[in-house]
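The values are calculated or read from the model by the stated rules, or taken from the named source; none is laboratory data. Given the structure is predicted, the values throughout are model-derived calculations rather than measurements. Positions of Cβ are generated from backbone atoms using ideal geometry, with glycine treated the same way; all protein chains shown enter the neighbour counts.
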Amino acid sequence: MTPSATAGSAADPAVLAVAAHALELIADGAKIGLGSGRAASAFIAKLGERVRQGFRVVAVPTSAASAQQARAAGVPLIDLGDEVELDLTVDGADEVAPNLDLVKGWGGALVGEHIVTSASKRQVILVGREKLVRALGERGRIPVEVIPLALGPVTRGVRRLGLVARVRLDPKTGLPLQSENGNLTLDCAASEPLRDGRAARELEAALRDMRGVVDTGLFLGTAERVLVGHPDGRVDVLRPAVPAR
């Protein structure tokens with residue numbers, strides 16, 4: 001693998017393979033959600049190539065970065081109106097548990113990703129094998145988006161749950177990083193990975209119950225399938241034992 005094709009990058013053969021596979025799931029005339037991050041970026045690039053060849057789709061992006069890339073690629077965008085139901089959303093993930101529960105949001109677009117996913121019939125996740133974990137929290141943090149006024153109370157509440165909470169900083173300025181919604185992100189680390197799906201759901205409920213929490217990076221039971229890419233271009237298709245939603 002060349003330096004420009006490091007694991008997880010948009011040029012990674014594994015990422016390119018799952019992006020191409022996902023494109024095969026899109027029907028002509030579909031309404032789709034466009035995720036955020038490197039795997040989603042690879043998919044948007046391939047989708048743009050198809051659109052320029054006459055393939056018809058409309059899309060709803062989950063972030064400003066995805067919207068900008070889609071427009072540049074020629075993918076028509078629509079608003080998520082009250083009568084719009086998306087056929088599927090294609091997105092990446094930061095962790096995938098054996099039951100296909102997910103951690104997302106390391107890139108900061110978790111609220112948009114939750115909203116677009118909730119408006120979709122299906123969610124298809126694109127990852128390399130390095131994103132597969134035995135339990136959520138194994139690779140690191142679980143993001144929580146918080147209204148700035150509530151940062152102090154939510155931080156205390158998160159610590160009472162046994163998590164170590166750190167405000168996400170802008171690497172350029174060293175100041176707290178604002179989300180696209182004007183909020184802050186707490187990156188929350190557990191002392192050990194979550195033991196199972198029930199523990200993940202209990203944690204999600206406890207976090208959402210805190211006043212000032214906008215959303216979390218836990219995506220539980222949302223994935224209809226996960227496409228896992230390998231460096232040799234192979235793609236494994238994982239499905240939950242119980243169908244998502």
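Tabulated results
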quantity	calculated
Residue in region 48-58 that is of a type in the set (A, V, I, L, M, F, W, C), assigned by TED's automatic domain parsing to the domain that holds ARG129 and buried (at least 24 other Cβ atoms within 10 Å of the Cβ) present	no
Residue check, VAL90 touching a Pro at 6+ places or on another chain (Cβ under 9 Å) and in contact (Cβ under 8 Å) with a residue 24 or more places away in the chain	no
Residue check for VAL164: crowded, with 17+ Cβ neighbours inside 10 Å and in contact (Cβ under 8 Å) with a residue 24 or more places away in the chain	no
Positions within region 123-182 being outside any strand (DSSP E or B) and of a type in the set (S, T, N, Q), in sequence order	THR155, THR173, GLN178, SER179, ASN181
Region 221-245, residues that are in contact with a helix residue (DSSP H, G or I) (Cβ under 6 Å, 6 or more places away or on another chain) and either in a loop (DSSP other than H, G, I, E, B) or free of Cβ contacts under 8 Å to residues at least 60 places away in the same chain (or both)	THR222, HIS230, PRO231, GLY233
Qualifying position, being in contact (Cβ under 8 Å) with a residue 24 or more places away in the chain and closer than 22 Å to LEU194 by Cα, among ALA59, ALA135, ALA65	ALA135
Given (1) modelled with pLDDT of 95 or more; (2) farther than 27 Å from ASP215 by Cβ, number of the condition ALA109 does not satisfy	(2)
Criterion: closer than 24 Å to PHE43 by Cα and either of a type in the set (Asp, Glu) or crowded, with 16+ Cβ neighbours inside 10 Å (or both) - qualifying residue of GLY217, GLY157, GLY212	GLY217
Test: ALA205 is exposed (fewer than 14 other Cβ atoms within 10 Å of the Cβ) and not in a strand (DSSP E or B)	yes
Selection from region 176-186 of residues that are in contact with a Pro (Cβ under 6 Å, 6 or more places away or on another chain) and closer than 12 Å to TRP106 by Cα	THR185
Filter result for ASP82 (more than 15 Å from ALA22 (Cβ to Cβ) and surrounded by fewer than 18 Cβ atoms within 10 Å (Cβ to Cβ))	yes
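Let's see how each residue does on (1) closer than 21 Å to VAL235 by Cα; (2) crowded, with 17+ Cβ neighbours inside 10 Å; (3) in contact with a strand residue (DSSP E or B) (Cβ under 6 Å, 6 or more places away or on another chain):
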| site | (1), (2), (3) |
| --- | --- |
| LEU23 | yes, no, no |
| LYS31 | no, yes, yes |
| ASP94 | yes, yes, yes |
| GLY108 | no, yes, no |
| SER118 | no, no, no |
| ILE125 | yes, yes, yes |
